[in-house]
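The values are calculated or read from the model by the stated rules, or taken from the named source; none is laboratory data. All of these numbers come straight from a predicted model, not from anything done at the bench. Here the Cβ positions follow ideal geometry from the backbone for every residue, glycine too, while neighbour counts run over all protein chains shown.
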Amino acid sequence: MKKLTYGYLTTLLLAAFLLPAFTGMAQDAWTLERCVQHAIENNIQIKQQTLNVNYRENQETQARLNRLPNLNGQIGYDFNFGRSLNYDNTYTDQNSQDASFYVGSEVTLFQMFAKENTLKQRRLELQAALMDLEKARDDIALNVVSAYLEILFNKELVATATEQLTVTREQIEHNRKQVEAGNLARGKLLETEAQFASEELNLTNYENQLKLSLINLEQLLELPLSDGFDIVIPEIDASTLTKSLLMSESVYDKAVQERPEILSKEFTLSSLEKQAAIAKAQLYPTLTAGASYYTNYNNKYRFTTGTGPGDLIPFDEQFRNNRRLNVGLTLRIPVFNGYTARTNYKNTIIQYESGKYDLQLEKNNLRKQIEQVHANAIAALKKYESSQKAVKSAEEAFRYVQEKFNLGIVTPLEFNDSKNKVTAAQSSFIQAKYEYIFRVKILDFYNGVAIQL
């Protein structure tokens, strides 16, 4: 079956596909739900997209914290050699050691709401990343569903070919008895044996296709290849799916409101709008408030007395006496910076307009996909119904030819030709059935309808 990458199938939706009663379950056969869950947990692209979400979460957190005042401290210790300023504001030749202490804080009072818009932008970018993650899960889930149905398709081909081979084997025994009784030429027996060899080759080819489809699913699940890998076979009644064939317009109206690829583009467009507002803020003045505290200590500072230098001034007294507190406002006014801010603002407007086109293109692509899926589902239904009728007609014709063959009225060549038509009709029917199931499930998915079989 053709590998498709439309849209999303949630784990819950997949579970609904899986929950009907199962027959002939292998001891360690994988259900569809288990396959999808394992693929989502181990797919490399999904892990990469998860890291992108984590990165966006960090950016959102940082943008929120950037609105708070900053607070920084500094401690310095210097060794001075030669002439240096003394405590009494005179210079002397002496070596000294000087310690300084500083703590300061600054907060933006007004910047044309740049920080608020930055926080909103980061939140929108996070939402877009979450939608991209959901889309990545959708794609891998849908690929697994396609591979799963491919295996079911090949299993039915193997079963049909095995059944046909059994019929031919029985016919060989019948012809051999007829040859031994002298009622049938030996050449007719050889023709039937040749037919058996041809059908045996077809069975081998189908078994190889089945094995390759199992390998394909194992690789999607990031599993090591194993001969014991198998899947659960659900009971599927394709005849009950016609109620899901809704009009493509109604499906689109619902999907355009819920699809993650659309929501991602909408969040991105809103993010670009905030980016333009942030760039515009750079054209306006910025008002900040700040406060700082500073003091210092020198190991050579002495008290001044009338008769000359006194005792060394203690650390705690210097710490108190040398302190300096500063509180102030700063207004930064952009006058001329080579039109950098204005050019940046104009570019963000261009990016915003481009984002509008990206969103519209995504909506157009969604509409085309739904229309194509709907058309394919209708065509698959017609193919399924016609192939079902073809199987019934071919089987009825074969029963009639088989009765005539047992009476010796038709030749083995005519018998084999009729049986080959049955095989071809059954193969076409199996293919049509699984194509129809898959197309309808995709249409259900776009419409947000839980899958029930």
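Odds and ends about this structure:
- Qualifying residue in the range 305-318 (condition: free of Cβ contacts under 8 Å to residues at least 24 places away in the same chain, touching a Ser or Thr at 6+ places or on another chain (Cβ under 8 Å) and at negative phi): yes
- Residue check for Tyr301: in contact with a strand residue (DSSP E or B) (Cβ under 9 Å, 6 or more places away or on another chain) and surrounded by 16 or more Cβ atoms within 10 Å (Cβ to Cβ): yes
- Residue among Val373, Val401 that is β-branched (Val, Ile, Thr), more than 15 Å from Val167 (Cβ to Cβ) and crowded, with 16+ Cβ neighbours inside 10 Å: Val373
- Close pairs (8 angstrom Cβ cut-off, 6 or more residues apart or separate chains): farther than 19 Å from Asn43 by Cβ in the range 210-234, outside any helix (DSSP H, G or I) and aromatic (Phe, Trp, Tyr) anywhere: Asp230/Trp30; Val232/Phe22; Val232/Trp30; Ile233/Phe22; Pro234/Phe22
- Some residue of the range 320-327 being of a type in the set (Val, Ile, Thr), within 30 Å of Phe438 (Cβ to Cβ), at pLDDT 85 or above and under 60 Å from the mean Cα position of the chain (by Cα): no
- Filtered residue count, the range 394-415, keeping only those that are assigned to a helix (DSSP H, G or I) and either modelled with pLDDT under 80 or among the hydroxyl-bearing types (Ser, Thr, Tyr) (or both): 6
- Qualifying residue in the range 121-128 (condition: closer than 30 Å to Tyr345 by Cα, at pLDDT below 95, outside any strand (DSSP E or B) and touching a Ser or Thr at 6+ places or on another chain (Cβ under 8 Å)): no
- Some residue of the range 341-361 being touching a strand residue (DSSP E or B) at 6+ places or on another chain (Cβ under 6 Å) and among the basic types (Lys, Arg): no
- Boolean, Glu317 is in contact with an Asp or Glu (Cβ under 9 Å, 6 or more places away or on another chain) and more than 30 Å from Pro69 (Cβ to Cβ): no
- Filter pass, Gln388 being assigned to a helix (DSSP H, G or I) and either buried (at least 16 other Cβ atoms within 10 Å of the Cβ) or more than 32 Å from the chain's Cα centre (by Cα) (or both): yes
- Condition check for Val107: closer than 30 Å to Ala276 by Cα, touching a Gly at 6+ places or on another chain (Cβ under 9 Å), of a type in the set (A, V, I, L, M, F, W, C) and surrounded by fewer than 16 Cβ atoms within 10 Å (Cβ to Cβ): yes
- Among the candidates Glu222, Glu200, Glu170, residue that is of a type in the set (D, E, K, R), assigned to a helix (DSSP H, G or I) and under 50 Å from the mean Cα position of the chain (by Cα): Glu200
- Any hit, the range 26-45, residues being surrounded by 19 or more Cβ atoms within 10 Å (Cβ to Cβ), within 30 Å of Glu258 (Cβ to Cβ), among the β-branched types (Val, Ile, Thr) and touching a strand residue (DSSP E or B) at 6+ places or on another chain (Cβ under 9 Å): yes
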